[in-house]
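Accompanying notes for the structure given below.
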Amino acid sequence: MEDKVFDVIVVGGGPAGLTAGLYLARARMDAVLVEKQLTGGAPALTEKIENYPGFPEPISGFELVDRMRRQAEGFGLNILPFNPLEGLRDEGGVKVVRTAEGEMRAYAVVLATGMRPATLGVPGEEEFHGRGVSYCATCDGAFFKGAVVAVVGGGNSAVEEALFLTRFADKVIIVHRRDRLRAGGVLEERALSHPKMDFRWKKMVKEIRGDQKVTGIVLADVEGGGEEELAVDGVFLYVGNLPNTAELEGIIELDERGFIRTDGSLQTSMKGVFAAGDVRSGAVWQVAAAVGDGVRAALGAQFHVENLKGTAYI
Ligand code: NAP
């Protein structure tokens, strides 16, 4: 494997990576996709997706990305369960991707490594992670039957997951630092009118308390109006996301928040390396947009490889 030079290595198996893989496989490129976990990325953990065009009935995130995987594999895409990217370098036009399993080589790389949930960094968060603190309602929601849970954040993730939690919990309290939700439209309407939902506006979580597991959270008023302790059985945190690019620092150009900068063809500062999906600077963090990125990055990578080989149709 270490001596072989693939045409393209796609790193990451979410919608962007799977779409890039599908296009490259259909183009009969010698492409491989590496993914450290199960394919699907963050959408695989989304209960339902109702804004992906072509699916008038909501589809589960897992089902949608599983279809993408099957479609790509159907055209011959090879998906390898590799550990996270540990490094990337250019050796005379050949890109060397380093993982814990060893090195892989290709003429082009598509980086579609996505992002991960941000943490709040408050006392108790780490201590009670897995004992009432969660970043994934789809994974852990069923443990909170009849419970009172807090969801922190006001974006689409917080509101979608809070609505999902109403299936299990008796009460779901959204704690948000502003006086209105960032999530708008349909999600906002559903949340504000849901009988099991409650809201604590202009509040920040200062501490998560518990003994064996979470028993409450301490809320501070953002305008300095004092503190209150709220008794809850669980806390779900949706306070933004961080790009999975730590290993790329100093290797390719990142923006001030660590997302990968690209040009119009989604090529990064390293020629022949493309970025697609949530990890790309300027991405709008939607499945449909990630799919579009996957297409553009795959076409860019294909053109790059065919140009190198002198087989480009120009
Ligand atoms: P997000 O939109 O960045 O929202 C994060 C929320 O956490 C914001 O409300 C933010 O408050 C709050 N927050 C951030 N840091 C905080 C802190 N230290 N303390 C308290 N609150 C804090 O993140 P997201 O909801 O995960 O969504 C990410 C992207 O994915 C978005 O573009 C979203 O549209 C997209 N997405 C789309 C869908 C969908 O289309 N159905 C579903 C999920 C996600 P402020 O509002 O004050 O900044």
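The strands (runs of 3 or more DSSP E) located wholly in region 42-128 that include 3 or more residues which are modelled with pLDDT of 95 or more occupy 85-91, 94-99, 102-111.
Scanning region 174-208 for residues that are open to solvent by 90 Å² or more (accessible area, probe 1.4 Å), more than 9 Å from the ligand (Cβ to nearest atom) and either in a strand (DSSP E or B) or touching a residue at least 40 places away in the same chain (Cβ under 8 Å) (or both) turns up just one, Lys206. Which numbered condition trips up Arg131, out of (1) part of a loop (DSSP other than H, G, I, E, B); (2) over 19 Å from Ile49 (Cβ atoms); (3) within 14 Å of the ligand (Cβ to nearest atom)? Arg131 satisfies every listed condition except (3). For region 263-286, give me each residue that is surrounded by 17 or more Cβ atoms within 10 Å (Cβ to Cβ) and either touching a Gly at 6+ places or on another chain (Cβ under 8 Å) or among the aromatic types (Phe, Trp, Tyr) (or both). Scanning region 263-286 gives Leu266, Gln267, Gly272, Phe274, Ala276, Gly277, Asp278, Val279, Ala283. Is it true that some residue in region 85-108 is within 19 Å of the chain's Cα centre (by Cα) and farther than 29 Å from Leu163 by Cβ? Yes, region 85-108 contains at least one residue that is within 19 Å of the chain's Cα centre (by Cα) and farther than 29 Å from Leu163 by Cβ. Scanning region 221-240 for residues that are within 12 Å of the ligand (Cβ to nearest atom) and surrounded by fewer than 18 Cβ atoms within 10 Å (Cβ to Cβ) gives Val222, Gly240.
For Ile217, the criteria (1) in a strand (DSSP E or B); (2) more than 16 Å from the ligand (Cβ to nearest atom); (3) surrounded by 15 or more Cβ atoms within 10 Å (Cβ to Cβ) hold in every case but one, which is (2).
Of the numbered criteria (1) out of contact with any strand residue (DSSP E or B) (no Cβ under 7 Å at 6 or more places or on another chain); (2) open to solvent by less than 80 Å² (accessible area, probe 1.4 Å), the one Phe82 fails is (1).
Counting only residues that are surrounded by fewer than 23 Cβ atoms within 10 Å (Cβ to Cβ) and away from the ligand (no atom under 11 Å from the Cβ), region 142-162 holds 7 of them.
The values are calculated or read from the model by the stated rules, or taken from the named source; none is laboratory data. Fair warning: this is a prediction, and the values are worked out from it, not measured in the lab. Backbone-built Cβ (ideal geometry, glycine too); neighbour counts: all protein chains shown. Areas reflect the complete protein model, heavy atoms only, side chains present, ligands, DNA and RNA absent. Shrake-Rupley method; radii C 1.70, N 1.55, O 1.52, S 1.80 Å.
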